[in-house]
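Undergrad: What follows is a single structure, and I will ask about it in a moment.
The values are calculated or read from the model by the stated rules, or taken from the named source; none is laboratory data. From a predicted model like this one, the values you see are computed outputs, not experimental measurements. Using ideal geometry, Cβ is built from the backbone for each residue, glycine included, and neighbour counts are taken over all protein chains shown. All accessible areas refer to the heavy atoms of the entire protein, side chains included, with ligands and DNA or RNA removed. Shrake-Rupley method; radii C 1.70, N 1.55, O 1.52, S 1.80 Å.
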Amino acid sequence: MAVGIWQKAGRSGVARQFRGALGIVGSPLLGLLLGLLLWWVLTSPLLHPGAIVGDFSPEKSLTTVLKLLGDGTLEPHIGASLRRVVIGLATAALIGIPVGIALGLWRPLEQGTSVLFQFVRMVSPLSWMPLAVMAFGIGDAPVYFLLTVAAVWPVLLNAAAGVHSVDRRWLLLARSLCATRWEVIGRVILPAIGPHLLVGLRLAVGVIWIVLVPAEMLGVSSGLGYFILDTRDRLAYSELMAAILTIGAIGYGLDAGLRSLNRLTHYS
Amino acid sequence: MSELLPVTVGRSPDLWESGELPDRLNTSILRSPPSTAPQPTAPQPTAPQPGVTNAAADRETDRPLLTVRGLTHHYPVGRDRVLAFAQINLDLRPRELVCLLGPSGCGKSSLLLAIAGLQRATAGEVRLKGQPIQEPQPSVGMVFQGSALLPWLTVTQNITWGLKLRRMPAIAKAVARSRAAEALASVGLGGVERAYPHQLSGGMAQRVALARALVRQPELLLLDEPFSALDAITRRSMQALLLQAIARYPAAVLMVTHDIDEALALGDRVVLMDRNPGRIRRQWILRSPPIDPNDRSLRDPAAQGALRREILEELLTVIDPVVPPSIAGGVQP
């Protein structure tokens, strides 16, 4: 029924114009504008005459972002957060890729660890927070630990899935050309699972970025997560919103960057 | 020891005892010059008697390159073991092109894997120039039904891939590249060096796969139905191309096929495999060693009427042993 109505509307002039606008402006931008409108309405002084809510409004938040970027307040926090992303991702890859390949190659290992891994994976990384602080003390180390725990699973599971999907004929061919076991792993399996690894890394970055902010609320004195707590304590609500906007923008940028790496696997 | 004679193919003793004809009588020698036709009295080639010198036995072409003796393979199915092939005896001389013909499921691909050292047989042995093969050898090249090109590498990179492995002698990058170009030229491909496999047609990809095997200058080339996935016209041109390529890279070829016409067009020898289990049933010699690869040209299978009919009848008996000879004989070549 809904389709029928939509089709009927499609024939009318208004709907055609609407679609034309979609085509020109682009639906993503339209969605963003809609979100902005909603945000503006919810924080509008018309609805909330009080001063505090006004600090959360889009116009205040956006100007604060520019101000904070201009005076260099945000940069060290962004730098610290990105450094943690890189280190967390690298550690997750260093552990996840070899273990994932080993799981994919050796079925008994995969069967033996499947329940254990699914169990551990289902524990929210933030649950490890107190343990991480007890084990690693205060500072960057527990944050790295939490990020690695969060990010290792997508890398590991995608690497294993990649190995499973490697064309058996390539392995037979490599063996017929007298490749050693390590040559098969390094020169067939590793490049063959490239697309799977990219998917795993992209998911890992997403998880890291989500876990990073709460993790940075934990005994560190830099980073965007720390900055959010700091603005809350200073009652600087427009700065808090500015931090949230920055986090969203950087997260989008990281994901887009990794997505563009997919072009490397043009062959698949 | 008579079963080790040059033209003799393997039969297990139980078949001998069941009153079937000895293999020697089952072997047809066609178009072979009398001087080179192997005789039952010819010296046993694999193990010459010590102290006995025989000029013919010492000639390179008379000594088998590949010797397969009593090769038998079972594969596990659940708790059972199924016999894939049994008691395979086969010799290949240098530069000889042997087509292993058989219905699908007769274990011929499995046999090829065992000969390549990719799959350990349950019993028997494979020797290459007298040395037992237990694992893949650099001097043995293999081409599969699918080209199995690595999709993330260019054509040239695919061809040089096998040259850069640890078990191969180290060569400079430039040398590898020029050898790849030469191999590509031998399969009639030029200008695709930088293309990726997904940009190639099936026939082109299979030529690259052949070049990848040839670039290592193998002494033995094992081909597992290499052209069966191609259309008829491409297949015919690929067969001609194979003859050209092995004239340039003189390797002995063992080619598995289920296509009688392919076997007739290419083979110096056609070996028919039985099934359940796979055994060598009969062979036909179309050209006897010594073989000059430059002399070969693609035969017209249609012109081999009588022989084609004979092989087809035999193949039909293999496929369905209850087909009466009258029906089998009625099949038009």
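Undergrad: Under the condition of being without any contact (Cβ under 8 Å) to a residue 60 or more places away in the chain and within 14 Å of chain B (Cβ to nearest Cβ), which residue from region A:228-268 is farthest from A:G72 (Cα to Cα)?
TA: A:Y267
Undergrad: Against the condition open to solvent by less than 20 Å² (accessible area, probe 1.4 Å) and closer than 27 Å to B:R287 by Cβ, how does B:A114 come out, does it pass?
TA: yes
Undergrad: Additional query: Please go through region B:168-212 and pick out each residue that is more than 13 Å from every other protein chain (Cβ to nearest Cβ), crowded, with 22+ Cβ neighbours inside 10 Å and among the β-branched types (V, I, T).
TA: Hit for region B:168-212 is B:V187, nothing else.
Undergrad: I've got another one for you. Taking the conditions exactly as written (of a type in the set (K, R), at pLDDT 95 or above and not in a loop (DSSP other than H, G, I, E, B)), does B:R212 satisfy them or not?
TA: yes
Quick grid of which residues meet (1) within 17 Å of the chain's Cα centre (by Cα); (2) within 30 Å of B:G305 (Cα to Cα); (3) assigned to a helix (DSSP H, G or I):
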position	(1), (2), (3)
B:I171	no, no, no
B:V175	no, no, yes
B:E182	no, no, yes
B:A185	no, no, yes
B:P226	yes, yes, no
B:A240	yes, yes, yes
B:V256	yes, yes, no
B:E262	yes, yes, yes
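Undergrad: Looking at (1) open to solvent by less than 10 Å² (accessible area, probe 1.4 Å); (2) away from chain A (no Cβ under 14 Å); (3) in a strand (DSSP E or B); (4) not polar (S, T, N, Q), find the lone condition where B:R81 falls short.
TA: Going through the list (1) open to solvent by less than 10 Å² (accessible area, probe 1.4 Å); (2) away from chain A (no Cβ under 14 Å); (3) in a strand (DSSP E or B); (4) not polar (S, T, N, Q), B:R81 breaks only (1).
Undergrad: Also, I was wondering about something else. Those residues that are under 30 Å from B:L189 (Cα atoms), assigned to a strand (DSSP E or B) and of a type outside the set (V, I, T), I need them from region B:264-287; list them, please.
TA: B:R269
Undergrad: So which residues in region A:172-187 are more than 7 Å from chain B (Cβ to nearest Cβ) and open to solvent by less than 10 Å² (accessible area, probe 1.4 Å), if there are any at all?
TA: Once the filter is applied, which keeps residues that are more than 7 Å from chain B (Cβ to nearest Cβ) and open to solvent by less than 10 Å² (accessible area, probe 1.4 Å), region A:172-187 yields only A:A174.
Undergrad: Moving to a separate point now. Tally up the residues in region B:96-119 that are more than 14 Å from chain A (Cβ to nearest Cβ) and part of a helix (DSSP H, G or I), please.
TA: Count: 2.
Undergrad: Among the numbered conditions (1) away from chain A (no Cβ under 12 Å); (2) part of a loop (DSSP other than H, G, I, E, B); (3) more than 17 Å from the chain's Cα centre (by Cα), tell me where B:A148 comes up short.
TA: B:A148 satisfies all of (1) away from chain A (no Cβ under 12 Å); (2) part of a loop (DSSP other than H, G, I, E, B); (3) more than 17 Å from the chain's Cα centre (by Cα) except (1).
Undergrad: Suppose the filter is open to solvent by less than 40 Å² (accessible area, probe 1.4 Å), within 19 Å of B:V192 (Cα to Cα) and part of a loop (DSSP other than H, G, I, E, B); does B:L165 pass it?
TA: no
Undergrad: Among (1) closer than 20 Å to B:R93 by Cα; (2) away from chain A (no Cβ under 12 Å); (3) not polar (S, T, N, Q), there is one condition B:M142 misses while meeting the rest; what is its number?
TA: In the conditions (1) closer than 20 Å to B:R93 by Cα; (2) away from chain A (no Cβ under 12 Å); (3) not polar (S, T, N, Q), B:M142 misses (2) alone.
Undergrad: Being under 30 Å from A:A159 (Cα atoms) and crowded, with 18+ Cβ neighbours inside 10 Å, is that true of even one residue in region A:231-244?
TA: no
Undergrad: Within region A:195-203, does at least one residue satisfy the condition of being closer than 30 Å to A:V65 by Cα, of a type outside the set (D, E, K, R) and more than 14 Å from chain B (Cβ to nearest Cβ)?
TA: The answer is yes, given that some residue of region A:195-203 is closer than 30 Å to A:V65 by Cα, of a type outside the set (D, E, K, R) and more than 14 Å from chain B (Cβ to nearest Cβ).
Undergrad: Being under 13 Å from A:G223 (Cβ atoms), in the same structural domain as A:M241 (by TED's automatic domain parsing) and of a type outside the set (S, T, Y): is that true of A:I97 here?
TA: no
Undergrad: Identify, please: which residue in region B:129-139 is crowded, with 16+ Cβ neighbours inside 10 Å and either modelled with pLDDT of 95 or more or in contact with a Gly (Cβ under 7 Å, 6 or more places away or on another chain) (or both) and is, among those, farthest from the other protein chains (Cβ to nearest Cβ)?
TA: By that ranking, first place goes to B:I133.
Undergrad: Let me ask something else about it. Kindly establish whether A:G248 is in the same structural domain as A:G88 (by TED's automatic domain parsing), closer than 30 Å to A:L126 by Cβ and surrounded by 19 or more Cβ atoms within 10 Å (Cβ to Cβ).
TA: no
Undergrad: A further question on this structure: Right, B:D320: acidic (D, E) and crowded, with 17+ Cβ neighbours inside 10 Å or not?
TA: no
Undergrad: Kindly provide the set of residues from region B:288-310 that are assigned to a loop (DSSP other than H, G, I, E, B), within 17 Å of B:A252 (Cα to Cα) and open to solvent by 40 Å² or more (accessible area, probe 1.4 Å), ordered by number.
TA: Of everything in region B:288-310, those that are assigned to a loop (DSSP other than H, G, I, E, B), within 17 Å of B:A252 (Cα to Cα) and open to solvent by 40 Å² or more (accessible area, probe 1.4 Å) turn out to be B:P290, B:D292, B:S297, B:L298.
Undergrad: Kindly state which helices (runs of 4 or more DSSP H) lie completely within region A:42-109 and contain at least 3 residues that are farther than 30 Å from A:L198 by Cα.
TA: A:51-54, A:58-70
Undergrad: Go through region B:269-283 and give me each residue that's within 21 Å of B:L220 (Cβ to Cβ) and surrounded by fewer than 22 Cβ atoms within 10 Å (Cβ to Cβ).
TA: Residues satisfying the conditions do not exist here.
Undergrad: Residues that are polar (S, T, N, Q), surrounded by 21 or more Cβ atoms within 10 Å (Cβ to Cβ) and touching a residue at least 12 places away in the same chain (Cβ under 8 Å): does region B:255-262 have at least one?
TA: Scanning region B:255-262 turns up at least one residue that is polar (S, T, N, Q), surrounded by 21 or more Cβ atoms within 10 Å (Cβ to Cβ) and touching a residue at least 12 places away in the same chain (Cβ under 8 Å).
Undergrad: Before we move on, is A:A192 within 14 Å of another protein chain (Cβ to nearest Cβ) and among the aliphatic types (A, V, I, L, M)?
TA: Here the answer is yes, as A:A192 does meet what is asked.
Undergrad: Say whether the condition of being without any contact (Cβ under 8 Å) to a residue 40 or more places away in the chain, open to solvent by 30 Å² or more (accessible area, probe 1.4 Å), of a type in the set (K, R) and farther than 30 Å from B:E135 by Cβ is met by at least one residue in region A:189-210.
TA: no
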